[in-house]
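Okay, structure first, notes after.
The values are calculated or read from the model by the stated rules, or taken from the named source; none is laboratory data. Predicted model, so just to flag it, every value in this text is computed and none were measured. Cβ sites come from the backbone with ideal geometry, for glycine too, and all protein chains shown count toward neighbours.
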Amino acid sequence: MVKYSGELLLAASLGMLLCIWLNWWAVFPLLMILFFVVYVAMGAERKGKLGPAAPILWVMGIGYVILFYLLIILYKANPTGMPKSYFLGFPPATAVLVYGIWLLPLLLGVAYALIFDKWIIKAEDLNRLEAHSWKRKEKESIGLKG
């Protein structure tokens, strides 16, 4: 997936524009979710692999597909806008938005934070960065450029 991420982002972007033009409301969420999953995968990729970020991306993709289509179904089921029932104080479609679509990024952010030190930036990466910055500061202190 990461190898062809640029092509996937371009295809998803053009597909979303096509969906808007042709009014394909059922396909648009799939392409939007594909775009976001690929974009996050590009950031979580390390040496061509996703490692422990892969399950997070799967949960993100599947979770958003389920929540967005549930939102669409519940919205289309109540065309008048006056709900017959409420879920935790909200109409059903709004409850999916507030308790699902808005809550999922928080859970994914916590999961990402848990793998950050082990996968995204390891201790040896920080040491290498620190050594490089000290070399740069030494060169600048003696008047060398670069």
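Within the range 117-135, track down each residue that is of a type outside the set (D, E, K, R) and surrounded by 13 or more Cβ atoms within 10 Å (Cβ to Cβ).
Trp119, Ile120
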(request) Considering only the range 102-146, state which residues are modelled with pLDDT under 75 and either of a type in the set (A, V, I, L, M, F, W, C) or not in a helix (DSSP H, G or I) (or both). (result) Trp134, Ile142, Gly143, Leu144, Lys145, Gly146
(request) Please list, ordered by first then second residue, the pairs with beta carbon atoms under 9 Å, 6 or more apart or interchain, first in the range 23-42 and within 21 Å of Leu97 (Cα to Cα), second among the hydrophobic types (A, V, I, L, M, F, W, C) and not in a helix (DSSP H, G or I). (result) Val37/Met1
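With respect to Met60, is the statement that it is within 12 Å of the chain's Cα centre (by Cα) and touching a residue at least 40 places away in the same chain (Cβ under 8 Å) true?
Here the answer is yes, as Met60 does meet what is asked.
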(request) Please state which of the following conditions Val27 fails to meet, knowing it meets all the rest: (1) farther than 30 Å from Lys118 by Cα; (2) out of contact with any Gly (no Cβ under 8 Å at 6 or more places or on another chain). (result) (2)
(request) Being in contact (Cβ under 8 Å) with a residue 12 or more places away in the chain and assigned to a loop (DSSP other than H, G, I, E, B) is the filter; apply it to the range 63-99 and report the residue that is nearest to the chain's Cα centre (by Cα). (result) Pro91
(request) Kindly provide the set of residues from the range 19-55 that are of a type in the set (Gly, Ala, Ser), part of a helix (DSSP H, G or I) and touching a helix residue (DSSP H, G or I) at 6+ places or on another chain (Cβ under 7 Å), ordered by number. (result) Ala41, Ala44, Ala53
